[in-house]
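Engineer: Starting off with a structure, shown below.
The values are calculated or read from the model by the stated rules, or taken from the named source; none is laboratory data. Nothing here was measured: the structure is a model prediction, and the numbers come from that model. Quick reminder, even Gly has a Cβ in these numbers, built from the backbone with ideal geometry, and neighbours come from all protein chains shown. Heavy atoms of the whole protein, side chains included, go into the accessibility calculation; ligands, DNA and RNA do not. Shrake-Rupley method; radii C 1.70, N 1.55, O 1.52, S 1.80 Å.
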Amino acid sequence: MNTPTPESQNLPAPGSVEYANLAQTGSAPPLPSEPGITLAPVEPDTSEEPMREPMGGPAPSADRPGVHPPAGFPWWPPRPVPLPGVDSGLGLKKFRDRLPQPTIIRAWRRPAGSPIRVRAELGRVQFHADIPPAEAWTYEGGLPGPTIEVQRDRAVRIDWENGLERGGKALNLPYDVVRVPALPPLPPGQPGVNANFRAAALPGGRAADKGPGEDSYPRLDHTAELTAATVVHLHGALTDGHNDGWAHNVSLPGGVTRCTYPNRQESTTLWYHDHAMAVTRFNVFAGLSGFYIIRDEQEARLRLPSGERELFLGIADRNLESEAGAPAGTIKFTGRALYKQAGFTGSTGIKGEIPVSAPFNMVNGKIWPTKDVDACWYRLRLLNGSSSRIHRFSIHDTTDEKFTPTKDIPSTDPAFGARRKTDALVVIGTDGGLLPAPFIPQDGIVDMGPGERVDVLVDFSKYRGRTLELRNENGTALNAQPGQADASVMQFRVDDRRVLDRFRLPGVLNGEYVRYRHTDDGKLIIGDRVIDHHAHAWVAVVPPGIGGSVHPEMWELRELAEGEDPGTAEVIRVTRADGKVLTFKPAAKLFDESLTIRFSEGDWAVWNILHLGGPAHPMHIHMTEFQMLNRWQWPLGPGGSVPGFNLATASTSNPLPVPGAGRPVSPMTAGMKDTWVIQPGEWVQVLGDFTGASGSFMYHCHILDHEDHTMMRPFTVLPKSIMAFHDVHGGGHH
């Protein structure tokens with residue numbers, strides 16, 4: 001079949017602003033494969049010791065810290081024999097490695113009040129069977145770290161230790177960060193950016209000081225000197241600010257930070273990850289993340305698939321460093337990860353980097369793993385742990401699938417979805433807990449931005465003897481070629497035998513769930529409760545290019561009083577459905593500017609997020625869980641910005657009109673959540689209850705490169721008795 005180009009499908013042209021916006025999130029249409037570029041598969045690595053059987057005894061785990069390998073036995077735990085695998089166009093075979101599962105710390109088995117110590121330490125990891133092991137930053141030696149399992153309403157103390165040192169010195173990053181130089185600047189006045197997206201997405205490459213070649217690139221400034229300083233954020237946890245992982249509160253090697261997590265939340269999938277100021281993207285990419293599971297009686301009564309039939313899938317994209325001087329048509333990976341960014345130059349001469357998504361998909365530290373499953377129900381805990389890639393997950397039956405070796409099928413091609421199983425993924429939970437009832441998404445696709453978690457069930461009995469793949473349908477290609485991101489995430493091989501499975505999909509999952517509503521007269525309806533007093537917070541996301549900036553920005557907004565002069569620059573005017581015009585000015589833009597959003601403990605608050613143009617942003621708010629109330633949409637103009645928003649003045653010259661209906665709030669979107677992907681042109685309202693914790697917290701874009709630059713701000717939650725003495729009460733109460 002002919003591979004369509006972006007132009008032939010009326011898609012953004014590479015080099016345009018629209019293409020750059022999509023590339024920020026891994027959503028850009030795959031570039032057509034370039035003639036003459038091929039990669040010979042790497043030869044399997046045979047330098048390691050052969051596999052040996054263990055001498056007996058249980059394998060070590062976080063629950064059995066005293067268990068050690070037998071004396072004189074260096075191959076512990078035993079290495080699994082790699083599988084034959086399937087050829088790819090990117091230099092590595094798919095499905096060579098079996099899916100690993102993280103070790104489990106069952107905190108509820110520990111004596112009450114006894115702290116758990118979790119250590120960030122240098123570990124040895126092997127991303128793929130055919131490449132050598134490499135170093136990574138890990139929690140307790142695992143990638144991901146141990147899954148911490150707790151019970152609802154039973155507090156847990158964790159001592160987070162920074163052990164990232166060697167010989168008394170803090171470690172440097174275990175990989176290199178490189179900048180693929182931009183193509184020549186566009187002609188003056190021509191809209192758009194110019195970047196080398198293809199080179200940045202090619203598998204392999206290295207820092208220029210490690211060997212010559214077209215795939216050698218300069219290091220990003222200051223990254224070679226960066227050393228380990230860490231702070232842990234339990235993403236989605238209801239806990240006080242001093243336990244939340246405040247980005248400035250980093251711990252140096254040798255330091256220990258004790259955090260208490262009350263776990264006064266319903267059963268759900270949380271995750272912990274590093275949150276150090278300005279370097280979160282580097283520390284998380286190095287390997288610092290893990291699952292945190294809350295269980296309760298309501299979940300137990302459902303008798304959901306458990307044990308070996310409950311899989312934790314931490315998904316992220318990765319690139320790999322390659323050696324210099326390989327023969328033409330070959331590539332030899334060193335085993336180390338490589339953080340590649342595409343340099344770009346705007347039409348005004350602005351220079352910056354785009355966090356290009358990588359060609360390989362990694363699950364639990366393995367590239368394209370495979371898992372043998374029984375023909376019965378399984379529970380998959382999905383985590384998008386990528387730095388920037390927005391995933392669209394689906395299940396495909398690949399039993400009889402064959403490709404022409406050098407032909408790619410981009411996700412924009414109708415043939416891409418020919419084998420998709422539209423009823424395979426049954427969503428039962430989101431970031432903050434179980435849905436009220438199971439939900440099968442339209443077309444069988446589950447959208448997930450960085451930081452989001454989705455709890456799904458799959459009935460593999462419908463696919464006995466078949467081979468399935470979990471795929472990402474966003475900006476990827478089947479049979480991807482160099483310069484493209486591959487759609488494959490992992491494989492499931494379903495046994496052909498019938499098994500006894502007593503699980504039946506329940507009609508009701510969560511009896512505690514109530515839908516939130518915001519009435520036209522300003523009241524909140526929470527189930528059968530009426531709340532007539534709540535706060536509003538207003539946030540605008542603005543496109544890059546304002547005032548010479550190279551990144552999109554996030555502005556905290558202040559509503560102007562009637563008659564107050566707004567001036568002529570940085571003025572945001574929007575029209576509500578009732579015709580009233582609201583006028584805003586930025587109250588703060590950077591993390592260290594004045595605090596402006598303050599809530600009383602016990603407040604309900606509506607957050608209004610106005611996306612005026614640029615890439616999509618997965619917005620995350622700390623401290624509590626939320627429901628989406630509304631999602632409206634303004635049309636987009638050239639460059640992907642809302643018409644009426646003037647980049648030169650960073651203002652809406654006239655009030656933006658009442659937005660139209662946006663994407664519907666589906667049962668999944670209406671679940672309890674702490675992270676949502678906000679698309680350009682959207683006005684999104686989310687509602688949360690700021691009860692049960694206090695202190696200083698953060699909200700930010702969860703594209704980690706954006707968070708580390710200008711898209712993170714603080715807010716506080718204080719007891720009402722203290723707020724009475726504060727100069728400003730709330731974030732705009734009514």
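Engineer: Any residue at all in the range 663-676 that is more than 24 Å from Arg389 (Cα to Cα) and in contact (Cβ under 8 Å) with a residue 40 or more places away in the chain?
Structural biologist: no
Engineer: Here is a check on your reading of the model: is Arg529 out of contact with any strand residue (DSSP E or B) (no Cβ under 6 Å at 6 or more places or on another chain) and in contact (Cβ under 8 Å) with a residue 24 or more places away in the chain?
Structural biologist: Taking the combined requirement at face value, the residue does not satisfy it.
Table: residues versus (1) closer than 19 Å to Met554 by Cβ; (2) among the aliphatic types (A, V, I, L, M); (3) surrounded by 23 or more Cβ atoms within 10 Å (Cβ to Cβ).
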position: His617; (1), (2), (3): yes, no, yes
position: Leu629; (1), (2), (3): no, yes, no
position: Pro643; (1), (2), (3): no, no, no
position: Ala661; (1), (2), (3): no, yes, no
position: Ala670; (1), (2), (3): no, yes, no
position: Asp674; (1), (2), (3): yes, no, yes
position: Val686; (1), (2), (3): yes, yes, yes
position: Thr691; (1), (2), (3): no, no, no
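Engineer: Next question. What is the residue count in the range 506-521 for residues that are hydroxyl-bearing (Ser, Thr, Tyr) and surrounded by fewer than 18 Cβ atoms within 10 Å (Cβ to Cβ)?
Structural biologist: 1
Engineer: Just one of the numbered conditions (1) closer than 30 Å to Asn263 by Cβ; (2) in contact with a Lys or Arg (Cβ under 8 Å, 6 or more places away or on another chain) is not true of Pro436; which one?
Structural biologist: (2)
Engineer: Same structure, new question: For the range 443-474, which residues satisfy the criterion of being part of a loop (DSSP other than H, G, I, E, B) and open to solvent by less than 10 Å² (accessible area, probe 1.4 Å)?
Structural biologist: Here is the first cut: in the range 443-474, the ones part of a loop (DSSP other than H, G, I, E, B) are 445, 449-452, 464-466, 473-474.
Gly449, Pro450, Gly451 - these are the residues of the range 443-474 that are part of a loop (DSSP other than H, G, I, E, B) and open to solvent by less than 10 Å² (accessible area, probe 1.4 Å).
Engineer: Then there's this: Working carefully through the options Phe393, Phe403, find the one that is more than 14 Å from Val489 (Cβ to Cβ) and not basic (Lys, Arg).
Structural biologist: Details: Phe393 fails: more than 14 Å from Val489 (Cβ to Cβ).
It is Phe403.
Engineer: Do you know which residues across the range 141-151 are closer than 23 Å to Thr268 by Cα and either open to solvent by 20 Å² or more (accessible area, probe 1.4 Å) or not β-branched (Val, Ile, Thr) (or both)?
Structural biologist: Let us first name the residues in the range 141-151 that are closer than 23 Å to Thr268 by Cα, namely 142-151.
Once the filter is applied, which keeps residues that are closer than 23 Å to Thr268 by Cα and either open to solvent by 20 Å² or more (accessible area, probe 1.4 Å) or not β-branched (Val, Ile, Thr) (or both), the range 141-151 yields Gly142, Leu143, Pro144, Gly145, Pro146, Glu149, Gln151.
Engineer: Just to verify a result, which residue in the range 389-430, among those that are in contact (Cβ under 8 Å) with a residue 40 or more places away in the chain and acidic (Asp, Glu), is least open to solvent (accessible area, probe 1.4 Å)?
Structural biologist: Asp408
Engineer: Scan the range 333-343 and give yes if some residue there is over 20 Å from the mean Cα position of the chain (by Cα) and open to solvent by 20 Å² or more (accessible area, probe 1.4 Å), otherwise no.
Structural biologist: Yes: one or more hits.
Engineer: If only one of Leu238, Leu234, Leu270 is surrounded by 20 or more Cβ atoms within 10 Å (Cβ to Cβ), in contact with a Cys (Cβ under 8 Å, 6 or more places away or on another chain) and touching a residue at least 24 places away in the same chain (Cβ under 8 Å), which one is it?
Structural biologist: After ruling out the rest, the residue left standing is Leu234.
Engineer: Tell me, yes or no, whether the range 226-234 has at least one residue that is more than 27 Å from Ser388 (Cβ to Cβ) and at pLDDT 95 or above.
Structural biologist: Looking for residues that are more than 27 Å from Ser388 (Cβ to Cβ) and at pLDDT 95 or above, one finds none in the range 226-234, hence no.
Engineer: Just to check your reading of the model, which residue among Ile428, Ile395 is closer than 26 Å to Gly89 by Cα, assigned to a strand (DSSP E or B) and of a type in the set (A, V, I, L, M)?
Structural biologist: On the way: Ile428 fails: closer than 26 Å to Gly89 by Cα.
Ile395 is the lone residue from the list that is closer than 26 Å to Gly89 by Cα, assigned to a strand (DSSP E or B) and of a type in the set (A, V, I, L, M).
Engineer: Take the residues in the range 105-130 that are open to solvent by 60 Å² or more (accessible area, probe 1.4 Å) and modelled with pLDDT of 95 or more; name whichever of them is nearest to Ala155 (Cα to Cα).
Structural biologist: Ranking the qualifying residues of the range 105-130, first place goes to Arg106.
Engineer: If you don't mind, there's one more thing I want to ask. Looking only at the range 486-505, which residues are more than 30 Å from Asp87 (Cα to Cα) and either surrounded by 14 or more Cβ atoms within 10 Å (Cβ to Cβ) or in contact with a strand residue (DSSP E or B) (Cβ under 7 Å, 6 or more places away or on another chain) (or both)?
Structural biologist: So the first thing to find is which residues in the range 486-505 are more than 30 Å from Asp87 (Cα to Cα), and the list is 498-505.
Across the range 486-505, the qualifying residues are Arg498, Val499, Asp501, Phe503, Leu505.
Engineer: Give all pairs with beta carbons closer than 7 Å in which a residue from the range 127-145 that is free of Cβ contacts under 8 Å to residues at least 24 places away in the same chain and farther than 16 Å from Gly335 by Cα meets a residue that is open to solvent by 10 Å² or more (accessible area, probe 1.4 Å) and of a type in the set (Asp, Glu); count only pairs at least 6 apart in sequence or on separate chains.
Structural biologist: So the pair list comes out as Gly141/Glu121.
Engineer: Right, something else. Filter the range 560-592 down to residues that are in a loop (DSSP other than H, G, I, E, B) and either touching a residue at least 40 places away in the same chain (Cβ under 8 Å) or exposed (fewer than 13 other Cβ atoms within 10 Å of the Cβ) (or both), then give me how many there are.
Structural biologist: Final tally of qualifying residues: 19.
Engineer: Across the range 631-663, which residue is nearest to Tyr513 (Cα to Cα) among those that are of a type in the set (Ser, Thr, Tyr) and either touching a strand residue (DSSP E or B) at 6+ places or on another chain (Cβ under 6 Å) or in a loop (DSSP other than H, G, I, E, B) (or both)? Walk me through how you get there before you give the answer.
Structural biologist: Quick first cut of the range 631-663, residues of a type in the set (Ser, Thr, Tyr) only: 641, 649, 651-653.
Those left that are additionally either touching a strand residue (DSSP E or B) at 6+ places or on another chain (Cβ under 6 Å) or in a loop (DSSP other than H, G, I, E, B) (or both): 641, 649, 652-653.
Details: Ser641: 37, Thr649: 45, Thr652: 39, Ser653: 43 Å.
Out of the qualifying residues, it is Ser641.
Engineer: Could you grab me the full set of residues in the range 344-378 that are open to solvent by 10 Å² or more (accessible area, probe 1.4 Å), of a type in the set (Val, Ile, Thr) and either within 18 Å of Gly91 (Cβ to Cβ) or modelled with pLDDT of 95 or more (or both)?
Structural biologist: Scanning the range 344-378 gives a single hit, Val356.
Engineer: Also, I was wondering about something else. Quick check on this structure: which one of Asn654, Asn630 is over 26 Å from Ser388 (Cβ atoms) and modelled with pLDDT under 95?
Structural biologist: Checking each option against the conditions leaves just Asn654.
Engineer: Tell me, yes or no, whether the range 25-43 has at least one residue that is among the polar types (S, T, N, Q), at pLDDT below 80, within 29 Å of Asn319 (Cα to Cα) and assigned to a loop (DSSP other than H, G, I, E, B).
Structural biologist: The first filter runs over the range 25-43 and keeps only residues among the polar types (S, T, N, Q), leaving 25, 27, 33, 38.
Checking which are at pLDDT below 80 leaves us with 33, 38.
Still in the running and within 29 Å of Asn319 (Cα to Cα): 33, 38.
Add one more test, that the residue is assigned to a loop (DSSP other than H, G, I, E, B), and what stays is 33, 38.
Checked against the condition, which is being among the polar types (S, T, N, Q), at pLDDT below 80, within 29 Å of Asn319 (Cα to Cα) and assigned to a loop (DSSP other than H, G, I, E, B), the range 25-43 yields at least one hit.
Engineer: Next question. Count, please, the residues in the range 598-628 that happen to be more than 21 Å from Val530 (Cβ to Cβ) and of a type in the set (Gly, Ala, Ser).
Structural biologist: The number of residues fulfilling the criteria is 3.
Engineer: Only one of Met668, Met628 is in a loop (DSSP other than H, G, I, E, B) and within 29 Å of Tyr513 (Cα to Cα). Can you tell me which?
Structural biologist: Met668
Engineer: Then there's this: Would you mind listing the strands (runs of 3 or more DSSP E) fully within the range 103-222 where at least 2 residues are within 24 Å of the chain's Cα centre (by Cα)?
Structural biologist: Where strands (runs of 3 or more DSSP E) fall fully within the range 103-222 and carry at least 2 residues being within 24 Å of the chain's Cα centre (by Cα), they are 104-106, 116-125, 134-139, 147-151, 156-162, 176-180.
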